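First up is the structure itself, then whatever we jot down about it.
The values are calculated or read from the model by the stated rules, or taken from the named source; none is laboratory data. Because the structure is predicted, anything quoted here is derived from the model rather than measured. Here the Cβ is made from the backbone with ideal geometry for all residues, glycine too, and neighbour counts use every protein chain on show.
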Amino acid sequence: MLKWLDHLEEWLIALLMGAATLLIFIAVLHRYASGIPILYPYLMRLDLSWAQELCIYMFVWMAKFGAAYGVRTGIHVGVDVLVQKLEPHRQRQIILLGLACGVFFTATIGSLGAYMVWRIAHTQQTSPDLEAPMWLVYLCIPLGSYLMSFRFLQVGWSYWHSGTLPHYDPLPVAEWESSPTQPTGSELCR
């Protein structure tokens, strides 16, 4: 079940990012190609005034679900210099407290967001260009926040039992340069 949720999260983020990038590219291409006299009559029939608004909404949704992904994979930026100076027993307590605070904060934001969505759903408020119901736009707040809260719980549970946190460790440049499959600087200059 969790693997399914992980894949859904990753696909949703990738789909939103890719679709928003493609839509922005098409809108910019349309804007500049409309300046060409021969294309002007054809391109002016296409109304892409809604594209910018949709891209903004897609990036907001992507950011909310991307934050949950960041918690799950350990790629969020964290300042733990002081925590690392403590003895292991105190480190464990502080880390668990921090994860509990993350659960509390994101669950609170999710609940407040759900209340806001509930209130907006009972109005006729729509977005300016898309004319989409605003409750649908704001639905990313409770969904993304509750998912992030779940990810904090997931990381906390794993840390409680294993003592390890998810950690993103990119390949250091020195290791990449010394890899036998990668050309070195002198090989590239030949």
Restricting attention to the range 110-117, does a residue exist that is in a loop (DSSP other than H, G, I, E, B), of a type outside the set (Ser, Thr, Tyr), at pLDDT 95 or above and surrounded by fewer than 17 Cβ atoms within 10 Å (Cβ to Cβ)?
no
Among (1) more than 20 Å from residue 131 (Cβ to Cβ); (2) of a type outside the set (Val, Ile, Thr); (3) touching a helix residue (DSSP H, G or I) at 6+ places or on another chain (Cβ under 7 Å); (4) modelled with pLDDT of 95 or more, there is one condition residue 23 misses while meeting the rest; what is its number?
(1)
Could you tell me which numbered condition residue 98 fails, if it satisfies all but one of (1) surrounded by fewer than 16 Cβ atoms within 10 Å (Cβ to Cβ); (2) farther than 25 Å from residue 157 by Cβ; (3) small (Gly, Ala, Ser)?
(2)
Of the residues 123, 106, which is in a loop (DSSP other than H, G, I, E, B), at pLDDT 95 or above and at negative phi?
123
Within the range 47-71, how many residues are among the acidic types (Asp, Glu) and in a loop (DSSP other than H, G, I, E, B)?
1
Boolean, residue 86 is surrounded by 14 or more Cβ atoms within 10 Å (Cβ to Cβ) and under 24 Å from residue 18 (Cα atoms):
no
